[in-house]
1. Say R0 is 35 Å: what FRET efficiency, to the nearest 0.05, do residue 153 and residue 238 get from their beta-carbon distance?
2. Give me the distance between the Cα centres of segment 146-212 and segment 316-346, rounded to whole Å.
3. For the full complex of protein chains and a 1.4 angstrom probe, list 267, 161, 316, 123 by accessible area with the highest value first.
4. Quick one: how many Å² of residue 104 are accessible to a 1.4 Å probe, rounded to 10?
5. Do any of 78/220; 78/104; 78/322; 104/322 go past 23 Å between their Cα atoms, and which?
6. How many times 2.2 N^0.38 Å is the alpha carbon radius of gyration of segment 89-212?
7. May I ask what percent, to the nearest 5, of DSSP beta bridges between residues of segment 123-267 are antiparallel?
8. Rounded if a/c is under 1.5, else prolate if a/b is larger than b/c, else oblate: which is segment 135-288, with a ≥ b ≥ c the root eigenvalues of its Cα gyration tensor?
Amino acid sequence: MAVALGAATAPAAAPTAPRGCGHGRRRVAARRVRAAPARRLFLRAGASPAVAGPDAPDEAAVEPLVEAAAPETSKLSKLACPICYYPLTSSGDQSGLECSTCKKVYPNKQDYWDLTVAVGSTEYSESMPAATELFRTPLVSFLYERGWRQNFIWGGFPGLEREFEMAKTYLNPTIGGTIVDASCGSGLFSRLFVKSGLYSLVVALDFSENMLKQCNEYVKQENISDERLALVRADISRLPFVSGSIDAVHAGAAIHCWPSPACAVAEISRVLRPGGVFVASTFVADVIPPAIPILGIGRPYISQVTGNNIFLSEVELEDLCKACGLVNFIFVRSGFYIMFSATKAS
């Protein structure tokens, strides 16, 4: 499999343009620590068993860093019941995954695993904030990769390829492990992570059923193997993973759509192993200094009415990560755009 976007070379350095907000704080450069890839196991969204591979070859060789296959018993080792967080196993009839504690069965929807808390409910239904519901619609899911996401360039986003290279710089210490692409949408970055061959498992995770269906369609169109890819429907505030089992979490242009960024980042911290890395990009609200007091006063009222959080500031993002046990906050800025990284405390 060819390595996508020059994965065989050193990741591109983060841009050094000055920040628009004029804070006196100093940008910290991302460390380029190369961790030796360990022998990893992975799981798949399908029903066939996965296999453990040999130690990853040198990145300079244009080959996937991890090769296939692990026994069935370890395929599901990272997935957990979102209710009690105990590991999941294959159900008796092989049609889904079952929690050994609460006995709930989570179905395989063909396109993805549905690991939401309320899946299987016949009478109960739950609506999410407007931004979340918007991305669940077939129309927005269809348009997302057909112009919607590309338009973020107006806010300072550098474009897909450049953003991916920047993310790889921060994620370098976790190469060879398991990465969760949280709020993956139609799988723009999930597919790039798989093509790069940098990870033993890529979990494309989103709450939107239609986004995951779009992701699956693109995977088929691009003839991407699912050997190292799992599609999972889940709530960002109730992640279906065993605590401390994930090496990296990526969230591209997502935090501003999360109903509770605090609950989400706390969950991300829970599932990351010590030394694991959280990398995210989003819009920030502190570009125009005079607007900060207004945003600070009005934000609670806007959130109460709409159910959504407006964009956070750079300082708030750092404070949130710190409050959730994530340290070494580093970032790059360009206009309304920020990409940042934080590490799970050891």
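The values are calculated or read from the model by the stated rules, or taken from the named source; none is laboratory data. Computed from a prediction, not measured in an experiment: that's the story for all the values here. All Cβ positions, glycine included, derive from the backbone under ideal geometry; neighbour counts span all protein chains shown. Accessible surface areas use protein heavy atoms only, side chains included; no ligands, DNA or RNA. Shrake-Rupley method; radii C 1.70, N 1.55, O 1.52, S 1.80 Å.
1. After rounding to 0.05, the efficiency reads 0.60.
2. 18 Å
3. Descending accessible area places them as 123, 161, 316, 267.
4. Surface accessible to solvent at residue 104 totals approximately 40 Å².
5. 78/220; 78/322; 104/322
6. Here the answer is 1.24, to two decimals.
7. Here the antiparallel bridges make up roughly 5 percent for segment 123-267.
8. Cα axes put segment 135-288 in the rounded bin.
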